[in-house]
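Scroll down for the structure; my scribbles are underneath it.
Bear in mind these aren't lab numbers, they're just calculated from the coordinates by the rules spelled out. Predicted model only: the values in this text are computed from it and were never measured. FYI the Cβ positions are ideal-geometry reconstructions off the backbone, even for glycines, and counts take in every protein chain you see.
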Number of protein chains: 2
Amino acid sequence: MSAPRPQAEGEAAPGPPRHSGELGSTQASHRLLAYSDALLSIIATVMILPVAHTKIHPDQKLGESVQQLLLTKIAVYLMTFLIVTVAWAAHVRLFQVIELIDDVLALLNLACMMLITFLPYTFSLMASFPGVPFGIFLFSTCAVVIGLIQAVIVAYGFYHPYLLNHQIQVSENQAFYKHHILQIILRGPVLCFLAAIFSFFFIPMSYVLLGLVIFLPHITRVIIWCKNKTVGPKEDEESHRLEAFTFYLNEPLSKERVEAFSDGVYAIVATLLILDICEDNVPDSKEVKDKFHDRLIEALSEYGPNFLAYFASFVTTGLLWFVHHSLFLYITKATRFMGLLNTFSLAFIGGLPLAYQLTSEFAEKSHNEIEAIQVSCVITFFASIFQFAIWITALFHERETLHPLARYGGKEHAFMFAKLALYPCVSLGAFFLTCLLSKFSTAIFHIMQIVVPFAFLALRILVRISLAIMKSMLSLSRRKNVVLDEEETCLSPAETLS
Amino acid sequence: MSAPRPQAEGEAAPGPPRHSGELGSTQASHRLLAYSDALLSIIATVMILPVAHTKIHPDQKLGESVQQLLLTKIAVYLMTFLIVTVAWAAHVRLFQVIELIDDVLALLNLACMMLITFLPYTFSLMASFPGVPFGIFLFSTCAVVIGLIQAVIVAYGFYHPYLLNHQIQVSENQAFYKHHILQIILRGPVLCFLAAIFSFFFIPMSYVLLGLVIFLPHITRVIIWCKNKTVGPKEDEESHRLEAFTFYLNEPLSKERVEAFSDGVYAIVATLLILDICEDNVPDSKEVKDKFHDRLIEALSEYGPNFLAYFASFVTTGLLWFVHHSLFLYITKATRFMGLLNTFSLAFIGGLPLAYQLTSEFAEKSHNEIEAIQVSCVITFFASIFQFAIWITALFHERETLHPLARYGGKEHAFMFAKLALYPCVSLGAFFLTCLLSKFSTAIFHIMQIVVPFAFLALRILVRISLAIMKSMLSLSRRKNVVLDEEETCLSPAETLS
């Protein structure tokens with residue numbers, strides 16, 4: 001049977017690559033990847049639930065309980081988030097090499113997904129029982145099987161070369177690529193396999209081995225770098241040819257997949273609180289009858305803070321998504337380093353609903369109020385400052401990574417700058433204001449929440465006005481000397497803003 | 001400022017439509033829609049959580065408790081699922097008219113999303129307190145505000161015509177379209193507004209009005225149809241010009257959005273059980289120490305059925321996604337009717353994890369075992385048969401809706417048929433087998449779960465073999481009369497399969 005790509009969008013003609021494998025017809029992979037991204041983004045954020053559902057008694061000091069949380073559950077959340085993101089990055093890398101799929105690859109990928117979704121659980125088992133061999137064994141085994149499936153996917157891809165990336169497909173030394181990629185993919189599983197074995201007689205060694213999995217690429221990079229410095233570059237041209245699987249920070253990362261993964265995380269986080277509300281906050285009809293005499297409003301007013309927290313967290317998450325969306329409209333090429341910054345930003349965003357829940361829970365109790373609000377401000381600040389960092393990174397290589405309009409001197413540059421700077425500035429401002437005016441901290445926080453959406457709506461006008469003011473001020477100060485160059489005024493406000 | 005579309009994919013040149021609105025630069029809407037789809041798919045499935053978390057005591061009869069569930073929570077789940085899907089369909093329709101967005105539209109859309117995510121909760125309030133005015137009032141108000149925001153979006157779009165669909169943009173009677181679309185969009189909110197008012201003095205009237213919102217389009221369709229039959233078609237040509245907003249069953253529905261929404265639902269449903277597992281099934285370290293003497297395996301074996309249920313539901317959901325994915329690869333144009341069938345399929349898929357949880361919980365208690373397994377089979381059957389119905393619908397208009405390869409006589413037709421028929425056949429078979437051999441029902445069920453993935457892997461080979469067998473049998477029987485035409489053999493097996 002032939003191997004067509006029945007895809008309507010973009011490629012008008014199906015253009016069947018008639019290399020005709022024995023099994024399966026070839027398909028474009030975009031939907032498989034979208035589904036995988038959706039699964040992975042859900043899984044990445046799942047460990048925030050145990051954090052969010054930890055009950056804090058209102059009479060307990062928040063300071064202590066936050067510290068308790070920080071030490072165990074938040075650490076587990078952040079670690080699993082990073083682990084899933086690493087798995088996601090490996091998946092992206094894999095499907096940058098394999099560009100078309102068939103039924104067998106789709107099913108193999110589903111099997112791989114199933115095990116990746118199990119990773120957070122095995123990790124939290126390992127974290128809860130650091131001294132028990134079985135926890136480590138389970139986690140390592142899971143990682144080994146995931147790596148093996150990925151290796152099978154690569155092997156299958158090279159066995160049916162028409163599925164591969166065009167660059168590799170036309171290349172002459174496919175065997176070298178195959179060897180290179182399999183080596184990188186299997187490095188992790190081998191270490192995990194050793195960790196699984198060591199778990200039964202020498203547990204510390206297992207942890208060292210598992211730690212090695214994360215740091216090995218960086219270590220090898222450093223070693224190669226040192227070698228090149230001392231001996232001089234050697235056979236570097238061969239590994240340079242392949243764009244993926246280099247572990248360089250400027251290795252390209254599929255922009256669409258970064259967007260899809262981020263969308264998933266933002267969507268889950270935005271709805272995290274409504275899930276709780278739908279499940280727990282529908283009042284019992286008997287209780288309403290007995291306690292509130294069928295007055296539903298009164299019964300619901302008990303849950304008031306929960307609704308407030310939901311709307312606040314939805315708005316903040318939504319606006320941060322909006323900033324992310326605006327940013328990636330102008331980014332033309334995403335790199336691995338940007339992906340890393342994006343991961344950090346997303347990890348903090350996962351904590352947002354929790355923070356807002358705290359603020360609204362303690363709003364009236366005033367005991368832990370300021371701490372909760374400050375934690376919210378700090379989380380918002382970090383989530384947004386990492387977005388800002390992506391923008392700065394993009395500006396460093398603006399010729400490759402940014403759309404002309406957003407570069408220095410571009411028409412959208414100042415506006416983009418303002419959009420990205422808004423949340424860091426506001427959250428930092430709110431944080432310091434609550435320190436100074438601790439009495440009015442709730443008021444400050446609520447004003448911030450209400451003002452920010454309108455600030456975004458009117459941002460373009462605000463930027464224009466401030467640009468105009470700056471321009472006139474600049475022209476006033478310089479009028480004596482020179483006639484102003486239009487280009488320069490476009491550039492300078494952005495610099496003064498920072 | 002100019003209005004560029006900084007989009008890398010597909011449209012190589014940014015091609016800025018320099019109609020330059022006052023506010024906001026124009027952007028392609030695909031990511032906004034992807035994010036909306038993610039939010040909506042999460043929200044659509046959220047009301048399954050109260051169903052899934054209803055505790056059933058092992059000594060209780062499942063028959064009764066399932067009936068209890070069926071009457072309240074499952075009904076609420078199905079209704080909210082349908083309501084969210086209706087909201088989703090309205091959203092799709094809206095953004096088939098508005099093709100480009102700017103910042104203002106993005107923010108308006110986020111506001112709209114926030115209220116839609118609140119709908120399930122207000123609906124479940126209304127369902128729990130059918131006699132309390134406030135519940136109805138809240139739901140109606142929510143619907144009114146959503147409708148108003150959508151109307152504002154449409155008005156904004158027509159105020160900045162470069163954002164609109166090309167068909168409307170070049171049309172001469174834009175005012176007619178604007179009027180027509182606003183009328184349809186505002187019809188719902190007006191009825192809901194009346195329902196909100198009536199809720200305070202005559203509740204039944206409110207329910208009638210809310211019911212009207214759903215059935216009004218169909219009623220008007222019937223009235224128009226009757227009119228056309230008696231008086232003859234009149235000014236039909238004007239409403240026919242606009243493809244969207246017709247409420248005809250063959251009105252086109254954006255295929256990408258159907259895929260994105262379905263992907264979201266499949267992803268959420270597939271991970272529904274792991275969310276529970278991650279939250280509740282990490283054993284307490286103290287308990288493990290005291291009760292199991294630090295033997296983690298024993299402690300975990302208590303949760304064994306949960307893990308089994310997770311893997312089973314992930315595999316089934318994953319494979320149903322795989323079928324859906326294969327189906328939509330060959331569908332070139334989705335219609336509203338297909339969307340409806342897809343919704344039904346997805347609604348049943350939402351129940352899958354719950355069903356699997358039941359089967360594994362009762363597997364050893366044998367009291368409610370058969371019922372649980374049969375419920376699982378029935379849900380799987382309906383989820384897959386609605387997918388099959390999409391395929392049948394597509395075949396009816398195969399020239400417009402199907403890729404040539406999947407049409408009658410196409411090379412992929414028989415294979416596609418087998419893929420779609422596999423799950424309905426297997427689940428139906430398992431259902432009847434458990435009726436006949438009730439003693440072995442668990443064994444049958446587990447065998448089914450293990451066999452199906454492998455059947456999918458080997459399906460192409462199986463289909464080929466059966467095609468070859470049929471071909472040889474047919475040629476044997478016809479040899480006396482005529483030499484066989486190759487084309488015909490390709491066609492016939494699919495018919496005999498059904």
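In this structure, the amide hydrogen of B:Thr335, modeled 1.01 Å from its nitrogen in the peptide plane, lies closer than 5 angstrom to those of B:Leu253, counting only residues at least 5 positions away or on a different chain.
Remark: label point of B:Tyr159 defined 7 Å out from Cα along the Cα-Cβ vector; separations to the same position in other copies 6.1 nm, ascending. For the residue pairs A:Lys227/A:Lys333; B:Lys255/B:Lys419; A:Lys333/A:Lys411, the alpha carbons lie more than 26 Å apart in A:Lys227/A:Lys333.
Would you mind ranking A:Ser438, B:Ser441 by Cβ crowding within 10 Å, fewest neighbours first? Provide the component values of the computation, followed by the final result.
Values: A:Ser438 13, B:Ser441 25.
Ordered by Cβ neighbours within 10 Å, fewest first: A:Ser438, B:Ser441.
Available extension along the chain between A:Val231 and A:Ile297 is 16.1 nm, counting 0.36 nm per residue and deducting the alpha carbon span.
In nanometres and ascending order, the distances from the A:Lys439 label point to those of the other copies are 8.2 (point 7 Å from Cα along Cα→Cβ).
Taking amide H positions as placed 1.01 Å from N in the peptide plane, with prolines and chain starts having none, which residues 5 or more places from B:Leu402, or on another chain, fall under 5 Å of its amide H? So B:Leu402 has HN proximity to B:Thr332.
Inter-copy label distances at B:Ile219, using a point 7 Å along Cα-to-Cβ, come to 7.3 nm with the shortest given first.
Order the peptides A:388-397, A:198-207, A:139-148 from the highest to the lowest mean number of other Cβ atoms within 10 Å of their residues. Can you show the working numbers first?
Working: A:388-397: 18.2, A:198-207: 15.7, A:139-148: 21.6.
Listed from highest to lowest mean packing, they are A:139-148, A:388-397, A:198-207.
Here is the list for the stretch B:319-416: GluC sites (Glu not before Pro) lying in DSSP coil, each with at most 12 other C-beta atoms within 10 angstrom of its C-beta, are B:Glu364. In the stretch B:87-174, one over the average inverse separation of all distinct C-alpha pairs is 14.3 Å, which is the Kirkwood hydrodynamic radius. Across the stretch A:163-175, rounded Karplus estimates of 3J(HN,Hα) from the backbone phi angles (6.51 cos²θ - 1.76 cosθ + 1.60, θ = phi - 60°) give 7, 7, 2, 4, 4, 6, 4, 8, 5, 8, 9, 4, 4 Hz, Gly and Pro being marked x.
Remark: the stretch B:27-227 carries a charge dipole of roughly 400 debye about the Cα centre, counting +1 on each Lys and Arg Cβ and -1 on each Asp and Glu Cβ. For the residues of B:308-316, the average number of beta carbons from a partner chain within 10 Å of their own beta carbon is 2.
Over the whole of B:263-273, what's the average partner chain Cβ count within 10 Å per residue? Rounded to a whole number, please. Display every interim value, and only then the final one.
Numbers: counts 10, 7, 1, 3, 14, 6, 0, 9, 10, 1, 1.
For this peptide, the per-residue mean of nearby foreign Cβ atoms is 6.
Given +1 at the Cβ of Lys and Arg, -1 at the Cβ of Asp and Glu and no other charges, the dipole of the stretch B:255-475 around its Cα centre is 1280 debye to the nearest 20.
With the contact rule set at Cα under 8 Å and sequence spacing of 6 or more, what percent relative contact order holds for the stretch B:27-227? After rounding, I find 20 percent.
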